[in-house]
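Structure record follows, encoded as structure tokens.
The values are calculated or read from the model by the stated rules, or taken from the named source; none is laboratory data. Note that the coordinates shown come from a computational prediction; the quantities given were computed from them, not determined experimentally. With ideal geometry, Cβ positions are generated from the backbone for all residues, glycine too; neighbour counts draw on all protein chains shown. All accessible areas refer to the heavy atoms of the entire protein, side chains included, with ligands and DNA or RNA removed. Shrake-Rupley method; radii C 1.70, N 1.55, O 1.52, S 1.80 Å.
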Amino acid sequence: MPTYKAPLRDMRFLINEVFDFESHYKTLPNGEDATPDMVEAILGELARLCENTIAPLYQSGDEEGCKLEDGVVTTPKGYKEAYQEYVAGGWQGLSHPAEFGGQGLPMSLNLFKQEMLGTANWSFAMYPGLSLGAMNTIQLHGDEEQKQTYLTRLTEGTWAGTMCLTEPQCGTDLGQVKTKAEPQDNGSYKITGTKIFISSGDHDLTENIVHIVLARLPDAPKGTKGISLFIVPKYLPGKIGEDNGVACGSLEKKMGIKASATCVMNFDQATGFLIGPANQGLECMFTFMNSARIGTACQGIAHAELAYQGSLPYAKERRSMRALSGKKDPDAVADALIHHGDVRRMLLKQKAIAEGGRAMIYFAAQYADNMISGILEDDKDKYDRWDSELGFLTPILKGFLTEKGLEAANDAMQVFGGHGYIKEHGMEQIVRDARIATLYEGTTGIQALDLLGRKVLLSSRGKCVRDFSKKLLDFGRKHLTDGELRPYAWKLLKIAAEWNYLTTRIMLVAAKDREMVGTASHDFLMYSGYAMMAYFWALQAKVARDKLAHGGNEPKEFYQAKLATAEFFFERMLPAAKGHADGALKPTKSTMQLAPEHFSFDYE
């Protein structure tokens, strides 16, 4: 089983040397206390919690799973104690207002926390992670009474929260929501319906669980315009232990994240309270969806990182055959796996995904900080601007990084060979856990449609691609005459041109053939992911080269490894983008021409 070690050196490299978070925090209304010493203390204490308390529960929690008996959900052994330690450290309120018991620090620090928690034990991280969605929703859309009643307890972590959206007949298409909300004379509502796939829907970690529920009022319009949002607590405030008509009907039997309670939740005339305007529930719910999807994107790099931390030591210790270029360990019976070219390919790919993805996430975290500053400053234009900027990044981060994280986990299993298929080594669990990341918060296909159809074509007519690709153009022009960086600069210039050409071609074809958006979207998303990661690897290479020349915070071997990994990404991984570009531009006919009844002739 891999032993988790927080990648603090790489985190510090990005925070201090690549993105200069110290200067960034000085521009934020809630960044005054985020000094370098404070950030370092937070990272260090969180690393200790994750390494010593949370990571050791990863495999045991998977083996034991959650249980539902007599209507009560229990988490695996050790989870309650670990959660109590987490709460005692004040971690839940790290980036939430001090007036409700939080520490009021920038949201990016919460994302650093989420990455570490998720890499140590994604199932555990789901419980406090789901509460954040409820907290954000109440903070922005709740009235003062709702904030005072719920937000303080959620911020301190003694209550937990969920987001109850999906129903048996609908997942992404929330216009089909059927859960009913009946107004009562006292201003409350009676909520009746069934929700499925509710992460952390019920558990024994907190004394109460606050559900944020989508439901329809009696006179609501059809479709998504007729959905409202409600606070429905498991127990009404002041009545802990008394039935409120909220019950877990069953636990989903899942492929992975088995220590996370994924519930079917039944609401039977449960008392709830409207949050936000009537029939505007989706707008309220999606306010923080971009930041939530960054959190899910963290799972991609979390699994790549954990898989790498497991497969690297194995590749150094396991011996098999001799290296093709001659003996590397002549005194041993065979050479270590790490001396074989294909094993090195898989290890370097895991490293490139984890570290390249981390850079993408940390860059987006600064956008999220700026978005939140718009809220804190009551500056709607500022909020809208940064939310829009973040909106372009999030489907790429979520879709591309979770797909690549799963790929990295599979490669780690491959490094182990047959032993990777055996539970005791932990690789198969990482693969199982990683699989869900490509599905929830919208499947990769949904992210692709959101990116190409909504963000690129409808909302901006390609402007969002033009705007971001300017970063690639600027880097390319600036470093084209730099001997060491020229290979990266030249490739970035080509990618920027191709990315915009790809966007324009799809836009022109889609004007005549709407199916083009659907058939091209996945390839477009994956191409965008490679293009974005290429920029951040070039940026890391530049900083590493500069630090080697002028001195940095890390040993020279760290920066040399950055340069080597960047070279591997550009030479061995980036060429895959060309295939996605070619695929995206193919006519829709080959995908759409086969009649549904002709997909098979052997079964109905």
For the chain, percent of DSSP beta bridges that are antiparallel (nearest 5) comes out at 80 percent
Given 316-328, 9-21, the highest-first ranking by average Cβ count within 10 Å works out to 9-21, 316-328
Summed side-chain charge close to residue 322 - residues other than residue 322 whose Cβ falls under 12 Å, Lys, Arg +1, Asp, Glu -1: +1
Dipole of the chain (Lys/Arg Cβ +1, Asp/Glu Cβ -1, origin at the Cα centre): which of 211, 42, 391 lies farthest to the positive side? 391
How long are the semi-axes of the equivalent ellipsoid of region 237-360, taking √(5λ) for every eigenvalue λ of the Cα gyration tensor, in whole Å from largest down? 52, 20, 10
Accessible area of region 208-279 belonging to carbon and sulfur atoms, whole % at 1.4 Å probe: 53 percent
Full extension from residue 463 to residue 382: what is 0.36 nm times the residue separation minus their Cα-Cα distance, to one decimal in nm? 27.3 nm
Where in region 411-425 is the amide nitrogen less than 19 Å from a point lying 7 Å along the Cα-to-Cβ axis of residue 317? 412-425
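How would you order 525-533, 275-283 from highest to lowest mean count of nearby Cβ atoms within 10 Å? Working shown, then result.
On the way: 525-533: 25.7, 275-283: 18.9.
The densest-packed peptide leads the list: 525-533, 275-283.
Rounded to the nearest 0.05, what FRET efficiency do residue 144 and residue 327 give with R0 = 51 Å and r taken as the Cβ-Cβ distance? Could you check? The partial results should precede the final answer.
Numbers: r = 73 Å, r/R0 = 1.44.
After rounding, the FRET efficiency stands at 0.10.
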Where only protein heavy atoms count, and the probe is 1.4 Å, what is the accessible area per residue for region 156-271 in Å²? 41 Å²
Using a basic spin-label model with each label point 7 Å from the Cα along Cα→Cβ, how many nm lie between residue 69 and residue 253? 1.9 nm
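Can you compute the charge dipole magnitude of the chain about its Cα centre, using +1 on each Lys and Arg Cβ and -1 on each Asp and Glu Cβ, nothing else charged? Give it in debye, rounded to the nearest 20.
Working: 67 positive and 76 negative charges, 473 e Å.
For the chain, the charge dipole is close to 2260 debye.
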Taking a point 7 angstrom from the Cα of residue 591 along the C-beta vector, which residues in region 390-410 have backbone N less than 20 Å away? 395-404
What is the distance, in nm, between label points placed 7 Å from the Cα along the Cα-to-Cβ direction at residue 99 and at residue 37? 2.9 nm
Please report Rg over Rh for the chain, where both radii come from the alpha carbon positions and Rh follows the Kirkwood definition. 0.97
Order of 148-160, 180-192, 425-437 by packing, highest average Cβ count within 10 Å first? 425-437, 148-160, 180-192
So, with +1 on the Cβ of K and R and -1 on the Cβ of D and E, and no other charges, what is the size of the charge dipole of region 330-449 about its Cα centre, to the nearest 20 debye? 380 debye
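Is region 14-120 best put as rounded, prolate or oblate by its Cα gyration tensor, with a ≥ b ≥ c the root eigenvalues, rounded for a/c under 1.5, and otherwise prolate when a/b is larger than b/c, oblate when not?
Details: a/c = 3.01, a/b = 1.97, b/c = 1.53.
Prolate shape, in that a/c is at least 1.5 and a/b is the bigger ratio.
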Using a Förster radius of 45 Å, what is the FRET efficiency between residue 204 and residue 26 based on their Cβ-Cβ separation? Nearest 0.05, please. 0.60
